[in-house]
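Visitor: Dropping a structure here in structure tokens format, bear with me for questions.
A short reminder: the numbers here are calculations on the coordinates, not readings from a lab. The shown structure was predicted, so the numbers you read here are calculated from the model rather than taken from an experiment. Ideal geometry is used to build each Cβ from the backbone, glycine not excepted, and the neighbour counts take in all protein chains shown.
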Amino acid sequence: MTDNTSSTEEPLNPVRILFSKPWIWAFVAAALTFAATSLVAGSGAGSLFYAALTFAAFSAIVGIGQMLVITLGPGNVDLSIPASMTLSATLALKFMDSETALIVPGLLVAIGVGIGCGLVNFALILLLRIPPIIATLSASFLYQSLAIWSNRGLRIKPPEPLADFATGGALGIPNVAVIGILLAICAWVLLERSIAGRWISAIGQNLRAARLSGVPVNAVRFGVYVNSAVCAALAGFLLASFSGGANLNMGTEYMLMSIAVVVIGGSSIGGGNSNVPGIWGAALFMFLIVSMLNSYGLGAGVRLILTGLVIVGVVALASRKGYDV
């Protein structure tokens, strides 16, 4: 007896599946911008790629923390990231005082400051019922004031081995990029392979349904906001070590950048859906677009305007599309 049934299903096309993912377009944009910059820039493609990985790592680290916050749903965003970076780096470097033996304790100080910032942020949100945007923005003024008070105009250099690590690399990959990639892998495992990750997405998709289904909403939100502050603290610690010391403006550009890399990377601005790989694609794209504008000799004002237009355009497009996975 012969089987006359035939399958009408088309075989899956790996390329089509890949390009259906929203995060892939961040990498496509980064690749195109890399090619355009390489044609104009005087430096070789290898040095440009190394620089892109280095500076994108800082954006990726803060973007990972911000991504989890935004995944919690509308109204959730951490605007204290720049101040948390500055305060953590300032106190850690002041504690180490350029002493090599204090590198590990200094890192713990930075992480501890990040945890403290996360606690304050969530306390304002939960106990005082202040909207997250207002709570984190208000808290940022407190953190920045503490950084100014503790800094007192001094620029303490990081211990030499720490500076060497932050500026160094192996096999053509910067050390800070390795840290950023490892954090991205951890974030992917959290979101895709753990109950906590499913809880975060569930809260972002429908807060009331998540609460009724037994999700510990407040505990999850607490962990996410603390995680965002710790990511900011780690980025600040590494950035200060890379640049030769902490300064009061070191985190300024990362407020908008941390949000831009999340949305450009394919995560839903309305919450509920995250795309971890896209964080790195967007971070590379944002660095390369600025490098390309620099290569064309445009003034700082023009570069800022064009960069801002790129961010606004991509975010507006992402909002219309919704970026469903």
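Visitor: Express in nm, to one decimal, how much length is gained between residue 157 and residue 142 on full extension, taking 0.36 nm for each residue of separation and deducting their alpha carbon distance.
Guide: 3.0 nm
Visitor: If you project the alpha carbons of the range 33-149 onto their three principal axes, what span does each projection cover, largest first, in Å?
Guide: Its Cα atoms span 54, 43, 22 Å along the three principal axes.
Visitor: Work out how much length residue 312 to residue 126 would gain on full extension: take 0.36 nm times their residue separation and subtract the Cα-Cα distance, in nm to one decimal.
Guide: Separation in residues times 0.36 nm, less the Cα-Cα distance, equals 63.9 nm.
Visitor: Looking at the chain as a GNM with Cα springs under 10 Å, which of 117, 186, 231 has the largest mean-square fluctuation?
Guide: Comparing 117, 186, 231 in a Gaussian network model of the chain, the most mobile one is 186.
Visitor: Let me test this: with uniform point scatterers at the alpha carbons of the range 43-101, what is the Debye-based log₁₀ I(q)/I(0) at q = 0.18, 0.23 1/Å?
Guide: -0.84, -0.93
Visitor: What does the charge add up to near residue 188, with Lys and Arg as +1, Asp and Glu as -1, over the other residues with Cβ less than 15 Å from its Cβ?
Guide: +2
Visitor: Oh, and also: Which value in deg cm²/dmol, rounded to the nearest 500, describes the helix-derived mean residue ellipticity at 222 nm for the chain, given -39,500 (n - 2.57) per DSSP H run of n ≥ 4 and division by the residue count?
Guide: So the calculated ellipticity at 222 nm is -24000 deg cm²/dmol.
Visitor: Within the chain, what's the longest run with no trypsin sites (Lys or Arg not before Pro) in a DSSP loop and at most 15 other beta-carbon atoms within 10 Å? Give the range, please.
Guide: The longest such stretch corresponds to 156-325.
Visitor: A further question on this structure: In whole Hz, what ³J(HN,Hα) sequence does the range 168-175 give by Karplus (6.51, -1.76, 1.60; θ = phi - 60°), x for Gly and Pro?
Guide: Coupling constants for the range 168-175: x, x, 9, 6, x, 10, x, 4 Hz.
Visitor: In Å, what Kirkwood hydrodynamic radius results for the chain from the alpha-carbon pair distances?
Guide: Taking every pair of different Cα atoms in the chain, averaging 1/r and inverting gives 20.6 Å.
Visitor: Using packing as a proxy for protection, rank 85-92, 266-273, 131-138 so that the peptide with the highest average count of other Cβ atoms within 10 Å comes first.
Guide: Descending mean neighbour count gives 85-92, 266-273, 131-138.
Visitor: Still on this structure: Tally Lys and Arg at +1 and Asp and Glu at -1 over the other residues with C-beta under 11 Å from the C-beta of residue 248: what net charge comes out?
Guide: Spelling it out: positives minus negatives among the neighbours equals +2.
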